[in-house]
1. Collect the residues in segment 100-137 that are more than 30 Å from Q48 (Cβ to Cβ) and at pLDDT 95 or above, keeping them in residue-number order.
2. Quick one: which of G23, G34, G64, G29 is in contact (Cβ under 8 Å) with a residue 24 or more places away in the chain and small (G, A, S)?
3. Would you tally the residues in segment 120-132 being over 18 Å from I26 (Cβ atoms) and open to solvent by 50 Å² or more (accessible area, probe 1.4 Å)?
4. I need a count of the residues in segment 99-113 that are open to solvent by less than 60 Å² (accessible area, probe 1.4 Å) and among the acidic types (D, E).
5. Can you find a residue that is charged (D, E, K, R), over 18 Å from R24 (Cβ atoms) and at pLDDT below 95 anywhere in segment 74-91?
Amino acid sequence: YDGVFYEAVPWTGTMNWDVSPWGRWILRGRCTSGENLFEIEVLAHCDQEVTPGVLIRAPTIKNGLSYFCRDTFMAEITLSLWSLKYDAQTKDYIRHGPPIIDSAQSSQGAGEVGGVPWSEDWIGVSDMKQPMKGLVR
């Protein structure tokens, strides 16, 4: 954006996700190393009744290519991006200044879930540790 590459990956900070079985995706990333410190948030959703998605084949261990994933390119997506700075008082990174990107929206977002059965929310945090962090940089 504006000539700056924002790379939200586990080896520059942390990634969080909260993905429902269908219709809601929340992704957040914080880059807390390097010169360009930032936080990004991607929110996506689609109405299951209106946009049920398309079943697609994916590789499986036992059955080869099987209908195993659900995809759409019709999710409503909102993206926000903020600069971060280190706050010595809280000993954490905080948002600094107005958003760099303030709720950019698209109605052509990609959403996917994979695996069967997919009956519960998938919530996780990726926080890569050394030495792996240094190897992938």
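The values are calculated or read from the model by the stated rules, or taken from the named source; none is laboratory data. This is a predicted model, so every value here is computed, not measured. Cβ: placed from backbone, ideal geometry, glycine included. Neighbour counts: every protein chain shown. These accessible areas exclude ligands, DNA and RNA; they are computed on the full protein's heavy atoms, side chains included. Shrake-Rupley method; radii C 1.70, N 1.55, O 1.52, S 1.80 Å.
1. Start the filter on segment 100-137 by keeping residues that are more than 30 Å from Q48 (Cβ to Cβ), which leaves 100, 127-137.
Once the filter is applied, which keeps residues that are more than 30 Å from Q48 (Cβ to Cβ) and at pLDDT 95 or above, segment 100-137 yields only I100.
2. Details: G34 fails: in contact (Cβ under 8 Å) with a residue 24 or more places away in the chain; G64 fails: in contact (Cβ under 8 Å) with a residue 24 or more places away in the chain; G29 fails: in contact (Cβ under 8 Å) with a residue 24 or more places away in the chain.
So the residue among G23, G34, G64, G29 that is in contact (Cβ under 8 Å) with a residue 24 or more places away in the chain and small (G, A, S) is G23.
3. We begin by selecting, within segment 120-132, every residue over 18 Å from I26 (Cβ atoms); these are 128-132.
Going one step further and asking which of them are open to solvent by 50 Å² or more (accessible area, probe 1.4 Å), we end up with 129-132.
Counting residues in segment 120-132 that are over 18 Å from I26 (Cβ atoms) and open to solvent by 50 Å² or more (accessible area, probe 1.4 Å) gives 4.
4. Number satisfying all stated conditions: 0.
5. Residues of segment 74-91 that are charged (D, E, K, R), as a first pass: 76, 85, 87, 91.
Applying the additional criterion that residues be over 18 Å from R24 (Cβ atoms) yields 85, 87, 91.
Among the residues that remain, those that are also at pLDDT below 95 are: none.
No, the conditions are met nowhere in segment 74-91.
Matching residues to (1) β-branched (V, I, T); (2) open to solvent by less than 70 Å² (accessible area, probe 1.4 Å):
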residue: D47; (1), (2): no, no
residue: V54; (1), (2): yes, no
residue: R57; (1), (2): no, no
residue: K62; (1), (2): no, no
residue: D71; (1), (2): no, yes
residue: T78; (1), (2): yes, yes
residue: L81; (1), (2): no, yes
residue: Y86; (1), (2): no, no
residue: T90; (1), (2): yes, no
